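One structure is given below, encoded as structure tokens.
The values are calculated or read from the model by the stated rules, or taken from the named source; none is laboratory data. Remember, predicted model here, so these are calculated numbers, not experimental data. Heads up, the Cβs are rebuilt from the backbone with ideal geometry, glycines too, and the neighbour counts pull from every protein chain shown. Heavy atoms of the whole protein, side chains included, go into the accessibility calculation; ligands, DNA and RNA do not. Shrake-Rupley method; radii C 1.70, N 1.55, O 1.52, S 1.80 Å.
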Amino acid sequence: MRGKGLIDLYILEILEKYADKQHRLSQSQILFYLENDYRLTVTRKTLSGYLSELRENGYIEGKRGIYKVNLFEDSELRLLIDGVLFGQHVPQKDAYGLIQKLKSLSNHSLKHRIKYICYLEAINHTPNENLYRLIDIIDEAIERNRKIELTMCACGKDGKLYDRGKRIVDPYYMVAERNRYYLICYAGRNDDLENRRLDRISNVTILSEKRKPITELKKYAQGFNLAAYMQEHIYMFSGDSLQAVIRIHKPHMGDFIDWFGMDFRVIEENAETITVRIKVNENAVYYWALQYGSVAEVIKPEILRTRIKNGLAELLDKYTVK
């Protein structure tokens, strides 16, 4: 027989397993499950006392029909589960456990409706199983203003990660972009920041040397705006930003906004196109222009137009039958 001192806990377990807001349990049903699942027999009066205490403390709601109050709404749990399921930065072995934990927070009906787990293996998750440990170490280094030594790695043809060298950097921020974690850091080159994918790092060591303050980098002497930096570096490429003029077919303006946000200025508009001016990382807008070349055109600067032309010529040469 289970201990009667845990009756309130058993009641919550029963409500979590068998009930939700749309399918509430009566006191008679709770008494049945206490006896059937826990081999506990209590009187209706005793049960009423426990239910009153749980209700007063906000754990349950309902009088004629009772259900457990959940920390998350169903829609919120679905968003969290989707974030884990499709988050390529989450190692697959961790993704399964996280989804199971999130499912355990859901009510009876949602548990039966979520069928995501069977699709998990088909989704591309990082093979780096040390990712969360590395994030903790880097977070500590940033908090302590220390340099770190990164062991960089690359993905082989077998899908496994192989070390390819070490690099000492000054860490500043960790960000998530396009389902990947990145470290924004200074690696001693060009007096500028670089972005390193965290799932392409196998080990991190915190060094005793203090990191360089970000305001000592010439470009950020007046301060660093993370939101502006992220908007300019849409693919998380390093390098300089520039003022670009881009003409977009109107039906695809939403695609442009999805990538660049709303920090742009419309300088021309007609029935078919919208022309905007925006500050953006040169490498990022170059690859974006190649991707969206059929519906967008970079008008300025000329040096970027020339780079895009040369890139397209190289692509055409590769796909031309010789």
Let me check I've understood the local charge: for His233, count other residues with C-beta under 14 angstrom from its C-beta, Lys and Arg +1, Asp and Glu -1. What total comes out? -1
Considering only protein heavy atoms, what per residue accessible area in square angstrom results for segment 186-234 with a 1.4 angstrom probe? 53
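What is segment 169-322 by shape, rounded, prolate or oblate, if you read a ≥ b ≥ c off the alpha carbon gyration tensor as root eigenvalues and call it rounded for a/c under 1.5, prolate for a/b larger than b/c, and oblate otherwise?
Prolate is the answer for segment 169-322, as a/c is 1.5 or above and a/b outweighs b/c.
Could you tell me what percent of the accessible area of segment 195-254 is made up of carbon and sulfur, with a 1.4 Å probe and every protein chain present?
That share works out to 51 percent.
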Would you mind pulling out the separation of the Cα centroids of segment 253-322 and segment 1-63, in Å? 62
Under a point-charge model restricted to the Cβ atoms of Lys and Arg (+1) and Asp and Glu (-1), what is the dipole moment magnitude of segment 181-322 relative to its Cα centre, in debye to the nearest 20? 340
Ordering of 273-286, 185-198, 247-260 by burial proxy (mean other Cβ atoms within 10 Å per residue, highest first): 273-286, 185-198, 247-260
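Please give the peptides 287-293, 139-145 ranked by average Cβ packing (other Cβ atoms within 10 Å per residue), highest first, as a rough proxy for protection.
Ranking, from highest mean packing down: 287-293, 139-145.
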Of the listed pairs Lys101/Lys157; Lys250/Lys300; Lys93/Lys166; Lys212/Lys309; Lys218/Lys300; Lys147/Lys219, those with alpha carbons more than 29 Å apart are Lys101/Lys157; Lys212/Lys309
Just to confirm a number: summing +1 for Lys and Arg and -1 for Asp and Glu over residues other than Asp263 whose beta-carbon lies under 13 angstrom from that of Asp263, what do you get? +2
Solvent-accessible area per residue for segment 1-59 (1.4 angstrom probe, square angstrom): 64
Helix-derived mean residue ellipticity, 222 nm - over the chain, DSSP H n ≥ 4, -39500 (n - 2.57), to 500: -11500 deg cm²/dmol
